[in-house]
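The values are calculated or read from the model by the stated rules, or taken from the named source; none is laboratory data. Keep in mind that this is a model prediction, so the values were computed, not measured. Positions of Cβ are backbone-derived with ideal geometry, glycine not excepted, and every protein chain shown enters the neighbour counts. Surface accessibility is based on the protein's heavy atoms, side chains included, excluding ligands, DNA and RNA. Shrake-Rupley method; radii C 1.70, N 1.55, O 1.52, S 1.80 Å.
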Amino acid sequence: MLEHLTTKSDIGSYALSVVAYLIAAVLFILALRGLSSQETAKRGNIYGIVGMAIAIGATLALPGLRFHPLLIASIVIACAVGAMMALRVGMTQMPEMVALLHSFVGLAAVLVGFSIQLDHVASLAEGIEIYVDVIIGAITTTGSVLAFLKLRGSVSGKPLLLPGRHFLNLAMLIAIIVLGVVYSRAPQVWSLAAATAIASILGVHLVAAIGGADMPVVVSMLNSYSGWTAAAAGFMLDNDLLIITGALVGSSGAILSYIMCRAMNRSIWNVIFGGFGATPPPSAGKAAQPAGDVQEIDAASFAAQLKAAKNVIIVPGFGMAAARAQHAVREMTDVLRKQGVNVRFAIHPVAGRLPGHMNVLLAEANVPYDIVLEMDEINQDFPSTDIAIVIGANDIVNPAAEEDPTSPIAGMPVLQVWKAKLVVVNKRSRAAGYAGIDNPLFYKSNTKMLFGDSKAAIEKVVASLKG
Amino acid sequence: MKLGIVKETRPHERRVAASPNVVAKWIKAGWQVDVERGAGTAGSYPDSQYQEAGATIVERAVAWGADVVLKVRPPEPMEINQLREGTTLISFIYPAQNEALTKRLAVRKVTVLAMDLVPRISRAQKMDALSSMQNISGYRAVIEAANRFGSFFTGQFTAAGKVPPGKVLVIGAGVAGLAALGAAKGLGAIVRAFDVRAAAEEQVKSMGAEFLTVSIKEAGEGQGGYAKEMSKEFIDAEYALFREQAKDVDVVITTALIPGKPAPKLWLKDMVESMRPGSVVVDLAAEQGGNCEYTKPNEVVEVNGVSIIGYTDLPSRMAHVASEFYGMNLFHFLDEMGGPSAFKVDHDNDAVRPALVLEKGEKRYPPPPMKKVEASPPPPKPPEVPKPLPVAELERPTTPGHHGPKPRAPSRSSGVAIAVAGLIAALLWLGLRLADPTAFSSIETLKLIQHLTVFVMAVFIGFQVIWNVTPALHTPLMSVTNAISGIIVVGGLLQGRGDLSNHVGVALVATLFATINVAGGFIVTRRMLAMFRK
């Protein structure tokens, strides 16, 4: 950009915009820092908004540049569209929304890369930067779109396992590198476009191979990619603000993926390439087949049990989100708390389809966050709990993870609900969880099943509690 | 099996080994309980209450003839003669300091378990009578100090003038020290504490007290949660700190003990002399020689108007609650030994074996080193943290919410970040080198290296910041980072300059999508965060 500077005052205002970029970068760091607790989170978000406003304002104020007037129009239109999407989305659809927005970042990065390509490519270094930006952007875009469709249920959550898929991935990667060498020698549109196409297929294939239970990891990985792609764009455009911001987002997503993987006791490679959750090894499935029948309980007698309880822990899972039962659950919590029952929530790190998904849903239903605890905080309390209520969760409360070394989820940290005096499991049907593994919890002698749609079932319990 | 609760004969001892409450629990568990006539009277537990609880009121000789005799103080010589051969005696014994007593007991061929030797492991906390008594001592020390102190602990503004809050310094933040901090804080005083053990800092702060430190770093952790003796330099620095504090504080409560040694002299004569008249020193180490040079055990000394309280019977001054606590400790201890049906001395029980002094007259003290049963005895767990005692509600961290420190891995992840950044840099360098040998002379490459520096720094900061995000906010984190990554809009803007052409058109679309992301991301985050309420 420096080549546009002609006068002294231009240099002055350029320096000013550099300072503005710095301030914006600091504000973004403060925004992330604010999220360290619920008290400061809202302020953090405001820092982010202010930072973004400064960044856009400073860019538009750069000296010596004549921006196309349609840019302003597109910003205004986009703000309206974005606001509408954000205001209309339900909290249960949050995972889809996040995935979709990731694809937008990826798409924008690809387009910016092509825009420079169509403009002019100044040097070898710039060529490489464009190439990297476009490739990561393309993977992010198509991967996120597929993740969006999977989360919405438009595409089956089952992993797609093509024969020789590792070989396929490798072949695509090699093709991208070869095209990259070709492109860097003579930066032409055709090679860039071909590489983009391959990267797009790669993005789809990578996400297609990942099972529904691993969706939290996928979403946070795509989050990370969208950050790296912004950083790559920063290299391409000589813009430090993009680099800093992209790096922040990239590392944020990377850490989230790491935390999710640790919560499932699996390595990141295992998640990315594993095709986990398709078909558990038949031998393991047989060995772990628990004997016995499940015992059912109806809403009225469950309510009676609840009335007599002192300590209750509720473990929500994706089933609660799917049935939109969080308000009913909150109502049950309120009624019980009014009667002096100590009700708390136990959240497994991978419950739901997004990291922290359950917390958001419970917050939406006005459950106070100080009774919503993490696994590490509450797991030791189950033995002193009268009733553990599992609502639409399966794998995260599966005792096989601890008891059966041949189980596919062996070693994964789980919530030890079975240590409570009574476990009531609400489930729509007797189907296995997303991981496709049978759950011995259902057959334990202290477990009672409350079959039915979470919302309807819990509402019935609330009615009997009040009656 | 019959338990005998005998009356304490030591002058001024008001405690009794168990309250009627505890006796009722024993009866329910299947023990028979004999209580000596008048045993609980001094602790405000009349005989009638023991009878209601199911005990039999008996004469002295009968109580001493029970299968298990329960007591608070070590037995007096004349009491020892009343012990029957084969009886089990459980009380405070202090065998290290009382060798003669142990020998005399051995002659009677009795089994003796010392409550003061119950190990400080987490499993045995409910039997830890020393901690129970220290907790009471700490509280009572504040009450005794307040009694002698001629002013308010809490600051007051009245029509007649204002009174600043009293300042209380507690030296040694063990069980007694923390209880004292809690009590003084509860009365409204400004509280400070000093301890050589670094682990004490967090506990002190959790009580809402200030933690004083000296500039010299030296670990003061010794065995079993106690402190060890410190170096001369450290002690000098400590004295300097105390001299400074002496002029400022109104009440000093010292609780410093080193196991098996006389109490360290920490509050010297000149410190007492520099205190304001009317100030109070309570020395909880008086029985072991005292932390203050002026201390006289069981007496109150006055020097220049400063009172130095050396009472050694503080728990006995709160005999009612002390008997209840001690009784509960005994209850859990007997339970650990098998209860009425399976009562025995189990040498493999790591909570019981260390307390065994004599077995049928045979010396069993000191115990052999135990097999490592507890997963990790060192570092010594400060015994006071999980105590469900009166100070418990004050021990909760004052920070809002429930999110305590989480296991973090910043060092590991920043290592990974550095490695990744280094790898990228190396690959780029290699790629450029291979593609264009003259690459390093170009200004573009210089810029690249500059950007790389910024990139690495930003990744590093990102890793540091993100580890602090509470897991409950991971979804808002994702949506806010999503919004922020819409910063790519800046790229779209920069490409959208000049007249409408192919590349400007593409940039317009890029701007459109990036801005949707920015607006949508921030608004969604706002919506989500607005829902989190306490």
Where in chain A are the helices, taken as whole DSSP H runs, whose Cα atoms extend 24 angstrom or more along the long axis and whose Kyte-Doolittle mean reaches at least -0.5?
A:8-34, A:38-60, A:69-88, A:94-119, A:124-152, A:165-185, A:189-208, A:215-237, A:240-263
Separation in nanometres of the label points that stand 7 Å from Cα toward Cβ, at A:L16 and B:L446:
2.8
Keeping every protein chain present and rolling a 1.4 Å probe, give me the accessible area per residue for segment B:84-148 in Å².
39
So, in nm, how far is label B:M457 from label B:E302 when the simple model puts each one 7 Å beyond its Cα toward the Cβ?
6.7
Of A:K310/A:K448; A:K338/A:K455; B:K296/B:K360; B:K103/B:K269; B:K162/B:K185; A:K421/A:K455, which pairs sit farther than 29 Å apart, going by alpha carbon to alpha carbon?
B:K296/B:K360; B:K103/B:K269
Radius 13 Å from Cβ of A:G34, net charge of other residues (Lys, Arg +1; Asp, Glu -1):
+3
Around A:A309, what is the net charge, scoring Lys/Arg as +1 and Asp/Glu as -1 over all other residues with Cβ under 10 Å from its Cβ?
+2
Shape category assigned to segment B:34-142 from the gyration tensor of Cα positions, a/c cut at 1.5:
oblate
For segment A:328-416, what is the convex hull volume of the alpha-carbon atoms per residue, in Å³?
101
Starting at the first residue of segment B:29-36, write each ³J(HN,Hα) from the Karplus equation 6.51 cos²θ - 1.76 cosθ + 1.60 with θ = phi - 60°, in whole Hz, x for Gly and Pro.
6, x, 7, 9, 10, 9, 10, 5
Find how much the distance from A:S301 to A:A175 grows on full extension, using 0.36 nm per residue of separation minus their present alpha carbon separation; answer in nm with one decimal.
39.0 nm
How many nm is it between the label spots at A:A456 and B:I27, if each spot is 7 Å from the Cα in line with the beta carbon?
5.6
The protein assembly as shown: C-alpha gyration tensor shape, a/c 1.5 cut-off, then a/b vs b/c
prolate
Going by average Cβ neighbours within 10 Å, how do the peptides A:100-107, B:266-273 rank, with the highest at the top?
A:100-107, B:266-273
For peptide A:361-370, the mean count of other chain Cβ atoms within 10 Å per residue Cβ is 5
Inter-chain Cβ neighbour average for residues A:372-379, partner chain, 10 Å
3
Under a cut-off of 12 Å between alpha-carbon atoms, report the aspartates and glutamates in cross-link reach of B:K232, not counting same-chain residues fewer than 8 places apart.
B:E218
Shielding score for A:42-54, defined as the mean number of other chain Cβ atoms within 10 Å
5
Rounded to the nearest 100 Å², what is the buried accessible area between B and A, both sides summed, probe 1.4 Å?
9400
Rounded, prolate or oblate for segment B:92-168? Axes are the square roots of the Cα gyration tensor eigenvalues, ordered a ≥ b ≥ c, and the cut-off for rounded is a/c under 1.5.
prolate
Cα Rg over Rh - chain A, Kirkwood
1.04
Over 21 Å between Cα atoms, which of A:K307/A:K444; B:K167/B:K247; B:K109/B:K363 qualify?
A:K307/A:K444
